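Reading through the C-alpha cells given below for one structure.
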Amino acid sequence: MSRDQPEGTTTALDTAHDADAPFLELLARGADAEAYERPVLLARAGGLPAERIAALERAKLLALRVRAELEGRRRREAELSALFETAHDLAGLRDVDAVLRAIVQRARSLLGTDVAYLSLHDPARGDTYMRVTEGSVAARFQQLRLGMGEGLGGLVAQTARPYVTDDYFRDDRFRHTTAIDAGVRDEGLVAILGVPLALGQDVIGVLFAADRRARVFEREQIALLGSFAALAAAAIDTANLLTETRSALAGLERANEIIRDRSAVIERASDVHDRLAELVLRGGGVHDVAAAVSEVLDGTVAFTETAPARALEASRAEGHAVRHADDWIAAVAAGGELLGALVLRGHPGLDPVDQRTLERAAMVTSLLLLARRSAAEAEQRVRGELLDDLLDARDRDPRLLRERASRLRADLDATHVVLAARLDGTAPDAGQEADARRRLWSAASHLAATRHGLAAARDGGTVLLLPLDPGDTATDVARRTARHLGTAVHEAVTVGASAPVRDLTAHPDAVATGYEEGRRCLDALRLLGRSGDGAAAEDFGFLGLLLGGERDVTGFVDRTIGRVAAYDERRGTDLLRTLDAYFACGMSPARTKDELHVHVNTVAQRLERVGRLLGEDWHSPARALEIQLALRLRRLTLPAP
C-alpha cells in the first residue's frame, strides 16, 4: 500500500495479488483441476465484491493454463524418457521378444490405456497375427489373426497409415468379421488406436493401444504411439539381421568343418591310394593291404575267407561294404567266385569315404589274388600233369617223378590219401556246369598247393593226392576236404577217399588203385543220400571190402578185432576162441560154456573183457555182423596147422 493511499482502501494491484495467492499455492502442491474452483466458490459465498471475484476468475484461468503447460511438459518428458529407455534397450538387443514386450508395456503406461498389443505380418499366410499383448484377459483375442483390410488393424496394415476409433463397433470404416468382432467383444474393447510398424515401404505389423470405454486419442498420443512403433520395427529388423548373421556364421562354421573334414578325408584317401599302389608294385600280399588300410582307417582290418555268410553275400550282391554288428565287411570277389572278405572290426560308425576306401582295398585285394592265381594256375597245371603221370604213366622213372614232386614241395615218399571229389549240384546248362567244374578244380588245386599235395581234373570231377598228417585218418581228410571245397565253390561237394597209400614211386599202381577206391566210396555216398559229405572205405565196415580195390582183408580184420587178438597174444588168453564159440552157440553164454568146457562165470568174465576192448556196442547187430565176418576172415587167412 502506498503512503498517500487512504487507509482501508485497496488498489487493483492488491486485488490481483490477493487473487493469485491461492492458485500459486495450488500449483505448488500439484492439486487436481477441480481444486482450482474452490477459491472462486468461497469468494462468492463470502459476498466479496465483483471485482474480487472477477480477479479470482482471471487468476484461476491463468493458473489452469500454467498447470496444463506443466502437465504437458511433464508428459513430454516422460514420453521422451520412455523413448530413450526403449532406444537404449534396442541398442543392447539380445532378445527381440523382451524388447517388444517392453515397448507394448511402456505404450500402455504412457497412453494410460487398458490394453496395448502388437501384431506382425505373416508373409506365408498373407495376414497378421498377435505377437505381444499387455493387459489382455481374453484367450480368443490373444489368438486373433487379421487379414489385410479386416478390422482396424487390417486396414492399418493395408494402408500403412494410423487409424483411431472412439467406438469400434459403431465405426463403419472397418470391415467387420465375425472372428475379429468376437475377439474384440471378449476383450471388451471400445476405443482403439493402431499405427503401422514400417520398414521403408513395407508394413511388417501394427502397434495398438485400446480402452474398454469410449475415448478420443489426441494427436500427441497418436504421434507417441507412432514413435514406439518405429522403435519396434527397428527392433524387429535388428533381430532379423542378427538372426541372419548368426545363421550365416553358423553356416560358414559348418562349411569350414565340412571343408576340414573333406580335406582330411581326401588326404587319407590319397594316402591309401599311394600305399596300395606301392604294395601292388612291390608285389605285396593281401595281408599287407589289410595292414595298410588298418593304419589309414584307424582300426583293425583283416582278410578272411570265413566271414558271416549273409553279410558276405550282401556285400557281393550290392558291390559295397556292409555293416554286420560292429564290423564292416567288404567282399573280395572275382567274377562269380567269392575269394574272401576284408573285415574292419569294432568300427560301427564309418564315414562314406572311409567306406569307399575299404571297398577300394577289397578290389585291390581281389586283383592281387587274381595275379597270384594266374601264377598259381601255372603251378597247378604242373601239379596236375604230375598227378596225371602218377595215374596213367606208370612206367615213368621214379627218380624223375620224385624230383618233379620235390620242385612242387610234394613228398611222394610220405603217406597219402587219394580223394575223388565231385559237385552234386545240377547246373541249368552246359556252360554253367563247365564253369562250376573249373571253380572246383581251382579250389582243389589251391587246397593241394597249400597242403603240399597234387590235384587234377578228371572224369567230370577232381582227383586230389594229399599227405596224411599224424593223428588223421582217411575219413578225417575226406570230410575236411568236402567242407573246404563246398565252402569255396558255394555248392555241395562229395568226396570219397582211399585207404592210406605209401611208397608211391615204388608202387606205380598205388595212386590209380587208390583213385578207383575213392570213386567207389564217392558213388556209395551218393547212393546212400550223403551228398556233400566225405568218407573213406573204412567208414563202411565190411562193405568197405566190396568198395576197396585191393580188398584189404587184413586191414579190415585188424580194425575190427585187432585189439582182442593183440590181447590174446600178450596175455595168452582165449578171447578170440571164446568169441567164435559165443557166436556159434547163438550168443548163449550157457551153451558157450558147454562148448568150451568152462564155467559159465568164466564165459561172462571173458565177454566182459571183450566189451572193454571193443566197446559197449559190440553186441549191436551191425557190430556183431562185422565181428563174425572178421573172425571168419581171420581163420581163412591163418596158415593151415
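For this structure, a couple of remarks:
- Global form of the stretch 12-74, assessed from the alpha-carbon gyration tensor, a/c cut-off 1.5: prolate
- Couplings for the stretch 341-351, taken from phi via the Karplus curve 6.51 cos²θ - 1.76 cosθ + 1.60 with θ = phi - 60°, read 7, 9, 10, 8, 9, x, 9, x, x, 9, 4 Hz in order; Gly and Pro are left as x.
- Listing Arg502, Arg439 from fewest to most neighbouring C-beta atoms within 10 Å gives Arg502, Arg439.
- Cα-based shape type of the stretch 283-374, given that a ≥ b ≥ c are square roots of the gyration tensor eigenvalues and the cut on a/c is 1.5: oblate
- Volume per residue for the stretch 554-637 equals 89 cubic angstrom (convex hull of Cα atoms).
- Relative packing of 607-614, 179-186, which averages over residues the other C-beta atoms within 10 Å, highest first: 179-186, 607-614
- Taking Arg437, Arg219 and counting other C-beta atoms within 10 Å, the order from fewest to most: Arg219, Arg437
- The Cα atoms of the stretch 111-213 give a gyration tensor whose axes a ≥ b ≥ c have a/c under 1.5, which makes the shape rounded.
- A simple count of charges around Pro467, restricted to other residues whose Cβ falls under 9 Å of its Cβ and scoring Lys, Arg +1 and Asp, Glu -1, yields -1.
- Residue order, fewest to most surrounding Cβ atoms within 10 angstrom, among His599, His121: His599, His121
- Spin-label model, Asp413 to Leu70: label points 7 Å out along the Cα-to-beta-carbon direction sit 13.5 nm apart.
Computed from the coordinates by the stated procedures, all read-outs in this text should not be read as laboratory data. Here the structure is a predicted model, which is why all the values come from computation and not from measurement. All Cβ positions, even for glycine, are placed from backbone atoms using ideal geometry, and neighbour counts span all protein chains on display.
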